[in-house]
1. Out of (1) open to solvent by less than 20 Å² (accessible area, probe 1.4 Å); (2) under 25 Å from R242 (Cα atoms); (3) under 16 Å from the mean Cα position of the chain (by Cα), what's the single condition that is false for G164?
2. When residues of the stretch 195-251 are filtered for being open to solvent by less than 60 Å² (accessible area, probe 1.4 Å), farther than 27 Å from L83 by Cβ and not small (G, A, S), how many remain?
3. Does T87 fit the bill of being closer than 29 Å to A220 by Cα, touching a Leu at 6+ places or on another chain (Cβ under 7 Å) and of a type in the set (S, T, Y)?
4. I'd like to check something: does the stretch 130-138 contain any residue that is among the polar types (S, T, N, Q) and either open to solvent by less than 50 Å² (accessible area, probe 1.4 Å) or out of contact with any strand residue (DSSP E or B) (no Cβ under 7 Å at 6 or more places or on another chain) (or both)?
Amino acid sequence: YARQLAVSDHFLCRSEVERATLVANLCLTGAFGPADIACSRTLAHLVSLVPIGFSARSAREAAATEPVHLADFLWTGGIWNFLDPLTFVRAVGRCHQRGAPVTAAFLHAAPVTDNADLVAALHHEVEALDLGDAVQLLTEPVAHGKRDAYLLGARGLVCLGKPGAENQTCVRLRVRDSRLLGVSLVVDGYGATAREAEQGGVRTHVVPDPTPDSLAAVLADLGRGPAPGPTGAHEDFCYDHRLRGFLTWLTTALA
């Protein structure tokens, strides 16, 4: 049974072996079984969909926030092994080598048990490429208002993932930042995040298979000339619009 499921396209893992392992474990732990497949071949009844958006309050606060320039490009997500922050640093290095001295910053670079090795590798790469103050790794928590100010003052937000189930099937919440603030987003082409970002009317730059050279070309292009500035919130992605039907039902149910 697990072997038959493993070749299904419903499981977007990197290999048939990976899919077989995933499905077998789910079956053995009772997470689902034949009755679930009979109910829905796509397991739709086991999946909850949460729209990516923002509240009206977040939009008001962002509109009242003055931009603060911390760096040209910001890595706003965490530093995890399913992401690829090293390519970002190397791309900044390529830009400097080519006479385009762009700057970058990681807003969440405090090392923890799960990412200490990767954070250390980033520090080593910055030093090896002699980037000095061109790449900042912030280790202290950034207040929400200050974070919005930094994002609004950047030329672009960067979030690169690696091929695999995590990035093929999940949309990274960096899309929310771009839609709320109207700042350009630079992402890889691996799956759901790029598709979602491109549908949102935000200035999205998809690098299909990111390398330091291909990413550097995008960063250098975005770094030329006057900064375009943020375009403001994309109202279609406010929860008041995205969840109107659900909120109507919820209000009635709670009355």
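The values are calculated or read from the model by the stated rules, or taken from the named source; none is laboratory data. Since this is a predicted model, take the numbers as computed values, not measurements. Cβ sites come from the backbone with ideal geometry, for glycine too, and all protein chains shown count toward neighbours. To get the accessible areas, we keep the full protein, side chains included, count just its heavy atoms, and leave off ligands, DNA and RNA. Shrake-Rupley method; radii C 1.70, N 1.55, O 1.52, S 1.80 Å.
1. (2)
2. Count: 3.
3. Spelling it out, T87 is indeed closer than 29 Å to A220 by Cα, touching a Leu at 6+ places or on another chain (Cβ under 7 Å) and of a type in the set (S, T, Y).
4. Within the stretch 130-138, the first condition is being among the polar types (S, T, N, Q), and the residues that meet it are 136.
Now drop any that are not either open to solvent by less than 50 Å² (accessible area, probe 1.4 Å) or out of contact with any strand residue (DSSP E or B) (no Cβ under 7 Å at 6 or more places or on another chain) (or both), which leaves none.
The answer is no, given that none of the residues of the stretch 130-138 is among the polar types (S, T, N, Q) and either open to solvent by less than 50 Å² (accessible area, probe 1.4 Å) or out of contact with any strand residue (DSSP E or B) (no Cβ under 7 Å at 6 or more places or on another chain) (or both).
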